[in-house]
Amino acid sequence: MINFNRRHTLGLIGAAAATGLAAPAIAQNKKIVVGALRFTSHSGSFIAVERNYFAEAGLDVELRFFQAAQPMAVAIASGDVDYAVTAISGGLVSLADKGAIKVIGGALSEEPGIDGQKILASDAAFKAGVTTPAGLAGKSFGISTAGSSFHYMGSKVAQAEGIEMSFKPLQKVGAIIGALKTGQIDAWSIVPHIAKPLAGSGAVHIIGNVSDYLPNYQVTTVFTSAKNAADERDQTAAFLSGFGKGVSDYNSAMINKSGGEDGVNAMVDLIHKYVYTDRPREKAAPSIINGTMRLNEGAKMNVASVQDQLSWFQSEGLVDESITLDTLVDTSYVDTFEA
């Protein structure tokens, strides 16, 4: 079921901006900092910088890179970063409860028919018989921190399979990869541009898809400080305008293939400036292409998925039970839907 939400008059402005229409007039070259991870799923921001969509919206954007969701949420709350794209974490929800941040849009979703996040097993676990997620009973699952998206995904898989797993916090993605390759943990879940090359190396094995357990999972969201959401509406709408144009270009080139092979190659060249920068282009390209998942047009947000995540955090005792969806999310900027 789809329910589009245009409850607020000002939300119409934000939604129009996010889909690529004219952004509100703000001071030109206003400096802001945008947080990101070096994942293909953050390409909307990369494209908006490279193709001057933020500049056209009156924003001078500095990209600041992180290695996990939680530090990015803290940076938003402290004012060191103005806008960011990342997964919802327990830390982010707690900061929203303190009045520090607001989720204002959707960025990446699992979508039926499009290759998404993979469930991985270490080579040692696979050889010991862990060939499907059902075989993870009693096994260890890597996460960055308690209350991270990895923790949520792993728990949902375990719940669906009726099994119990242990969760091992390793802080950074690189540390999780190292632990999985050396058999220090048994399993993990991650976006395809990381999962597929790992599996191709033979060090780990793909044993399932996250979409089989969370078919419409709102993987990442766009968020900002509560102050920006409430008091900097023109700036926030301008950010969503530039970001939305970047998202549309990405989907057009990588999902719809509107520019053919040349369009894909041009987009890979752009993304390679930010993702797999330590690899030559010819080695980076397959991983970037493997990571293709549709981004949310106009930053539309699946509020049913966000609510499910919030409810899970609460059921695990990771955030206060009194927190409501309205505490976490400002729905006045973009269209919302339930799936």
For segment 184-197, enumerate the residues that are over 17 Å from Leu37 (Cβ atoms) and crowded, with 17+ Cβ neighbours inside 10 Å.
-> Ile185, Asp186, Ala187, Lys196
Segment 125-178: number of residues that are open to solvent by less than 50 Å² (accessible area, probe 1.4 Å), touching a His at 6+ places or on another chain (Cβ under 9 Å) and in contact (Cβ under 8 Å) with a residue 60 or more places away in the chain = 4
Does segment 55-63 contain at least one residue that is under 30 Å from Ser252 (Cβ atoms), part of a strand (DSSP E or B) and acidic (Asp, Glu)?
-> yes
Residues in segment 178-188: is at least one at pLDDT below 95 and out of contact with any Ser or Thr (no Cβ under 9 Å at 6 or more places or on another chain)?
-> no
Condition test on Val74, is it closer than 19 Å to Thr327 by Cα, open to solvent by 60 Å² or more (accessible area, probe 1.4 Å) and in contact (Cβ under 8 Å) with a residue 12 or more places away in the chain?
-> yes
Find all pairs meeting these conditions: Cβ atoms under 6 angstrom apart; at least six residues apart or on different chains; first residue within segment 39-67 and among the acidic types (Asp, Glu); second residue open to solvent by 40 Å² or more (accessible area, probe 1.4 Å).
-> Asp60/Asn29; Asp60/Lys31
For segment 211-245, what are the residues that are crowded, with 24+ Cβ neighbours inside 10 Å, more than 18 Å from the chain's Cα centre (by Cα) and within 24 Å of Pro71 (Cβ to Cβ)?
-> Thr236
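The values are calculated or read from the model by the stated rules, or taken from the named source; none is laboratory data. Quantities reported herein were computed from a predicted structural model and do not represent experimental measurements. So basically every Cβ, Gly included, is an ideal-geometry build from the backbone, and we count neighbours across all protein chains shown. Surface accessibility is based on the protein's heavy atoms, side chains included, excluding ligands, DNA and RNA. Shrake-Rupley method; radii C 1.70, N 1.55, O 1.52, S 1.80 Å.
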